[in-house]
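Heads up, the thing below is written out as structure tokens.
Where a number appears in this text, it was derived from the coordinates with a stated rule and is not lab data. Note that the structure is predicted; figures quoted are calculated from it, not measured. Cβ atoms come from the backbone with ideal geometry, glycine included; neighbour counts cover every protein chain shown.
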Number of protein chains: 6
Amino acid sequence: MTVFVRSGDRAADQLRLVRITRGFTIHAEGSVLIEFGQTRVLCTASVEEKVPPHKRGSGEGWVTAEYGMLPRATHTRSDREAARGKQSGRTQEIQRLIGRSMRAVFDLAALGERTIHLDCDVLQADGGTRTAAITGAFVAAQDAVDQLLAAGTLAASPIRGHVAAVSVGIVQGTPLLDLEYIEDSACDTDMNVVMTGAGHFVEVQGTAEGAAFSREEMNALLLLAEKGIAELTALQAQALAG
Amino acid sequence: MTVFVRSGDRAADQLRLVRITRGFTIHAEGSVLIEFGQTRVLCTASVEEKVPPHKRGSGEGWVTAEYGMLPRATHTRSDREAARGKQSGRTQEIQRLIGRSMRAVFDLAALGERTIHLDCDVLQADGGTRTAAITGAFVAAQDAVDQLLAAGTLAASPIRGHVAAVSVGIVQGTPLLDLEYIEDSACDTDMNVVMTGAGHFVEVQGTAEGAAFSREEMNALLLLAEKGIAELTALQAQALAG
Amino acid sequence: MTVFVRSGDRAADQLRLVRITRGFTIHAEGSVLIEFGQTRVLCTASVEEKVPPHKRGSGEGWVTAEYGMLPRATHTRSDREAARGKQSGRTQEIQRLIGRSMRAVFDLAALGERTIHLDCDVLQADGGTRTAAITGAFVAAQDAVDQLLAAGTLAASPIRGHVAAVSVGIVQGTPLLDLEYIEDSACDTDMNVVMTGAGHFVEVQGTAEGAAFSREEMNALLLLAEKGIAELTALQAQALAG
Amino acid sequence: MTVFVRSGDRAADQLRLVRITRGFTIHAEGSVLIEFGQTRVLCTASVEEKVPPHKRGSGEGWVTAEYGMLPRATHTRSDREAARGKQSGRTQEIQRLIGRSMRAVFDLAALGERTIHLDCDVLQADGGTRTAAITGAFVAAQDAVDQLLAAGTLAASPIRGHVAAVSVGIVQGTPLLDLEYIEDSACDTDMNVVMTGAGHFVEVQGTAEGAAFSREEMNALLLLAEKGIAELTALQAQALAG
Amino acid sequence: MTVFVRSGDRAADQLRLVRITRGFTIHAEGSVLIEFGQTRVLCTASVEEKVPPHKRGSGEGWVTAEYGMLPRATHTRSDREAARGKQSGRTQEIQRLIGRSMRAVFDLAALGERTIHLDCDVLQADGGTRTAAITGAFVAAQDAVDQLLAAGTLAASPIRGHVAAVSVGIVQGTPLLDLEYIEDSACDTDMNVVMTGAGHFVEVQGTAEGAAFSREEMNALLLLAEKGIAELTALQAQALAG
Amino acid sequence: MTVFVRSGDRAADQLRLVRITRGFTIHAEGSVLIEFGQTRVLCTASVEEKVPPHKRGSGEGWVTAEYGMLPRATHTRSDREAARGKQSGRTQEIQRLIGRSMRAVFDLAALGERTIHLDCDVLQADGGTRTAAITGAFVAAQDAVDQLLAAGTLAASPIRGHVAAVSVGIVQGTPLLDLEYIEDSACDTDMNVVMTGAGHFVEVQGTAEGAAFSREEMNALLLLAEKGIAELTALQAQALAG
């Protein structure tokens, strides 16, 4: 069996070059530009001293996310969602996923009655925008929390550990880590995996684009994801230490 | 470790009573009421002799789904989406999932330039509405296709095999098959699994509601799902033979 | 003059077979499936312990209705209103009619500051869905009120009498009671009549689809409606006694 | 029994002063300001040389209406529907009524494949805006048709007769013709009647605001309406002759 | 160079016939029909005893405007914004301009915590609708304020001076005052100027429709605007004295 | 009179540091990051080989713009317009201004039947986002046109000259060029000026935020704007030569 050859001679189990730039913009409490190869997502964390209705009076905070894509982040221009007057199903699905992933590592009681809004806006897309968004949003959230700690607003961190995400998939029979756009378009099976720094699963979303996949294929993909996320977690730590 | 006790002494790896009633309404080409215990979903299949713009002139057909919940299908009344003027992110996520699941077993070229619309409306909810919807929609789609075959509109079936879905989850440490509402509310990990009759995966969507889950827990859940789906596939076949 | 022959040899002044099934779903305070022949409407009554803004602090309650039609309740599939993002003018007109009809027999002060929501969802349509909805919603409302009385929340019933509705029309010169779809499509004049159990009018809505109608024709139609509603009121009472 | 005294000593069966001003604005093919006392509605008829999708290729034309109320046409300012982003249920109900009423006197085949749009905008409201709108829209439509006839676009008129409308109601036990706002607010029963010049009914919409009404009351109201509409039809003819 | 000849032999620096009719409708606190030639705008001022959220508790009032155009105010019918479900960018731009212009002459603290809503609805359009709206809205606002003064609600007027507006433009090389529709369509440069009675600028919005314009052309246009606004201010004063 | 002191000792007639980075993202035909001090706007130009309906079959092309602001581009987070479901009046006003400004230097016939979409998205805001957007969009449009020329799609450039924009205003009596946010908030008069490379005006939009402004003040502002735009035009040329 021939193996799929990746651009730039990337190995099947190799991440693209990941870069995490903190303080990318000046106003937000956390502002991170994350790059997975050519994919670039700006993740900002904004702290608001109030909570949505379902949390009012609960003593707990809330962490939520919104996702957007600039119209020409992609190969061909797509419509601006603000102009069309509604967010697509895909956008809503992604921002719900980011929000759940962030909340998985937050102790909402320790956050107190405030909200952290994570805005993930794709400046340039080349596959894996949602996993880059989750990985970058964590760093932005950490920066915002550190600022609350530094200001004495919070006495202890409500963050219980890292969270990061990566895509895996099977292209022409080969399981690959961190798909770029051209691979994503060609893949039979596509899986987004969100894990904690401790190596546990937060979300697993696998979809057979072409033929359904076997249990063995799934096992191979999960192994790749575990490897990738361990590396991403280390990169997050390194960026936060920088 | 104590094991979670299910209502009606149901075993951890046991489905609820599943009933599939074909011909529940008279106008649709396929009309199935599917019940997973107290969860009741009406699935209709409607054939339309045209396709959406992205398929026009392709020679291929399309299979798509919409999902809705009657306002008082649930314990407390929820707003009517038509009155609010938009479908929630949850609704859109579910109907996209149903559509992808159905297309996984359809040969769109063999369907020809026509659309099958699957409408899944929840009359009564008690957990697992999306998995019941997928399982029932398959039967409705089969009925619609059989009608096209009987009429000579299609010479051969575009359906390549069964598709069914079930939820699994971990409640108080116990992996359970086919969660009802009370279990779903209490669970730490919730996974929806869609599989073909041949035992391959179409979709896997696992979410840690509380603590993240380990690889071993995931394996236990996938085993349960495989068992449940084999049974659901048999029930579909039995209903279609009836 | 030849007289129009109805399906199943139904007489011109004869209702279709009417069936009223209480407790059709389990969550709502009142849940009634009403059938006028092949027309089937699920009517649920939900009690909410608050009122809309215009009644706040008034000491009075509110009774309101929403109406929907499943996409494939009809011969050909119609768009889902939630997906289109708005309710049609027809839908709004019908739900306003149902709400007014219910309020006509309610003493809102005796109800106290709470709301009864009546959701009328058409599972299968064959003409007369709005009149079936009104007739069924009354029974669901009565069940909800009985539950409030049984719980001691209300000391006396705020319901002052029955309300029911029926359609009448002139088809090929023959005045008919309770039109089914095929008759409705062919009729020259269509009238929906809502009356109390005491035989008074709550709403009369007559429309000339083809030629305008004379005073004599109107009188003939009103007579038919009075007969039909007396029978429907008796069927409601029988169902509630069951 | 004491009889309700109307403002300006108007008799119970007397219309308000009705004024019909043709050519009120310059651009429209028909432009009529109609006044029923203090109620003033601007009705324009616009001819468009195409038809909506459901009439394309049918050889038939279409007549349709839209209704609006300026925000300060009323005692207290109401929200602008364009700013709120949707038309109320009441607005939609009224414009559907106007459209059906106009079509009742139009031979759509004789109109040919073109559309007449009737825009009825209330400049000042004092009760009876929908009935004034129908009565004025007929005159505007006639002016537009006369222009098509004069231009030779149409060889024969597609208008088969007059149509006009009036409200009737029971206030404090007294049946009244043509209710003004203060009467409308106080009435127990409110009925809008649309009739042809030949004295046949096009629409009858009666609603019990308070107590349900008897057959005798209905007969009294219909008599009043017949009288009022005969007078309105004469006024239309007089205006068109002017 | 030949000079553009205007309809009715109007001079280049001459306003159209301007008519200001106060009390055009009966309900509003101020109601003015303003005509600039064939352009007719109904401007009403409504007083509401509350303020929008951003002014609550500030002790200050608010003055705001909405703008609309009847569907057949124009040569060919345009869609009704309420039916389309949103206001166009042009409408929003105009109503924001009117609001800012009115606030420029209002002392919001002296108004107290109440809102004046100015509704400017175009009954007939022939160019210059926004400038007519501003000029008329000022008169309506003055009438509303006078009523508040007469009632003793306000002790002193919050209005600091007149505000009026006019359009100027260059058509075929000739600078013209107060463009009518046919001139507006043909012009190279179009400028709307809003000024106070004291001769200062509130808004200047110049747009090159064709070729960009020079500083000299701009100066010529501003001179024309100053002349026109001085005349409009005098006409406002005369109408208010009437 | 004391003169307002600007941050960083900037002179009253001095632009902020302007940086123009071409090729900021990879997919668009033109992609420019423009910075006016801390204000950063990403401007992309996308070529589409079709035109909107009003240009179809005309032989002419179209140039249009959309504007957006990332939620946390500002000091405090603002709502995402896509999530709210509509663009604000301010957004629409700005994108209409950008579109008109670009079209002022385009020969639409020479462009042929294609559209250039300019997307201006504010990554970071510190005053002057619309003027930065126009200045940057011109460079992006030039890059897109150069690509069409290089590919032989166009034989000659449809661009007739430069266009750039700058804000000017009066703060505490001092006329200032290129206002940053803190100055903009404090200013009495704010004017946005769009000019061609040849020194002619395309748009002038001046607004008195506080007191109305005199003719002399306006002249002072226009002088500042002319100076600023001459410098911006030179910077554009330099960036395009780079």
Ranking of A:Ser58, C:Ser157 by count of other Cβ atoms within 10 Å, fewest first: A:Ser58, C:Ser157
Value of relative contact order over region A:1-94, rounded to a whole percent, pairs C-alpha under 8 Å and six or more apart: 13 percent
Residues with amide H under 5 Å from that of F:Thr174, placed H, sequence gap 5 or more: F:Phe4
Qualifying lysines (Cα of each under 21 Å from Cα of D:Lys86; at least 8 residues distant if same chain): A:Lys86, B:Lys86, C:Lys86, E:Lys86, F:Lys86
Chain F Cβ-axis minimum, rotational copy C, residue and distance in Å: F:Gly85, 5
Debye, to nearest 20: dipole size of chain E, +1 on Lys, Arg Cβ, -1 on Asp, Glu Cβ: 500 debye
Point-to-point label distance, E:Ala109-E:Arg56, nm (Cα→Cβ direction, 7 Å offset): 2.3 nm
DSSP-assigned coil residues among GluC sites (Glu not before Pro) in region C:1-50, each with at most 11 further Cβ atoms within 10 Å: C:Glu49
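Taking every residue in B:86-93, how many Cβ atoms of other protein chains lie within 10 Å of its Cβ, on average? Present the calculation step by step, with values, prior to reporting the outcome.
Working: counts 9, 8, 3, 8, 3, 4, 9, 6.
Mean shielding by partner chains, rounded to a whole number: 6.
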All Cα pairs of the protein assembly as shown, percent lying beyond 64 Å: 18 percent
Within region E:25-68, backbone nitrogen closer than 18 Å to the virtual label 7 Å beyond the Cα of E:Gln238 toward Cβ: E:33-39
Straight-distance crosslink candidates among aspartates and glutamates, where the alpha carbon sits under 13 Å from B:Lys227 and sequence neighbours closer than 8 are dropped: B:Asp13, B:Asp178
Likely footprinting exposure, B:Val194, E:Val171, B:Val202, D:Val5, fewest C-beta neighbours within 10 Å first: D:Val5, E:Val171, B:Val202, B:Val194
Averaged over C:119-127, number of beta-carbon atoms from partner chains that fall within 10 Å: 4
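For the pair F:Thr21 and F:Leu149, what calculated FRET efficiency results from E = 1/(1 + (r/R0)^6), where r is the Cβ-Cβ distance and R0 = 25 Å, to the nearest 0.05?
That pair, F:Leu149 with F:Thr21, gives E of 0.70.
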Top positive-direction residue, dipole computed over chain D with Cβ charges, set D:Gln87, D:Cys187, D:Ser157: D:Gln87
Peptide E:212-220, shielding by other chains (average Cβ, 10 Å cutoff): 5
Neighbour-limited loop hits for chymotrypsin sites (Phe, Trp or Tyr not before Pro), region C:1-83 (at most 16 other Cβ within 10 Å; DSSP other than H, G, I, E, B): C:Phe4
Charge dipole (debye, nearest 20) of the protein assembly as shown; +1 at Cβ of Lys and Arg, -1 at Cβ of Asp and Glu: 0 debye
Convex hull of region B:1-117 built on C-alpha atoms - directionally averaged projected area, nm²: 10.9 nm²
P(r) of region B:127-242 over all Cα-Cα pairs, binned every 10 Å from zero, in whole percent: 14, 41, 26, 12, 5, 1
Most mobile of E:Pro53, E:Pro71, E:Pro175 in a GNM of chain E (Cα contacts under 10 Å): E:Pro53
HN-Hα J in Hz across region B:22-28 - Karplus 6.51, -1.76, 1.60, θ = phi - 60°, x for Gly and Pro: 7, x, 5, 10, 9, 7, 6
Charged-residue dipole, Cβ positions (Lys, Arg, Asp, Glu), region A:109-242 about Cα centre, Debye nearest 20: 560 debye
Sum of -39500 (n - 2.57) over DSSP H runs of 4+, divided by residues of chain F (222 nm, nearest 500): -10000 deg cm²/dmol
Other-copy label distances relative to B:Val5, 7 angstrom Cα-Cβ extension, nm: 6.5, 6.6, 7.9, 8.0, 10.3
Amide H partners (placed H, <5 Å) of D:His162, local residues excluded: D:Gly197, D:Ala198
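What fraction of the DSSP beta bridges in chain A is antiparallel, stated in percent and rounded to the nearest 5?
Bridges in chain A are about 85 percent antiparallel.
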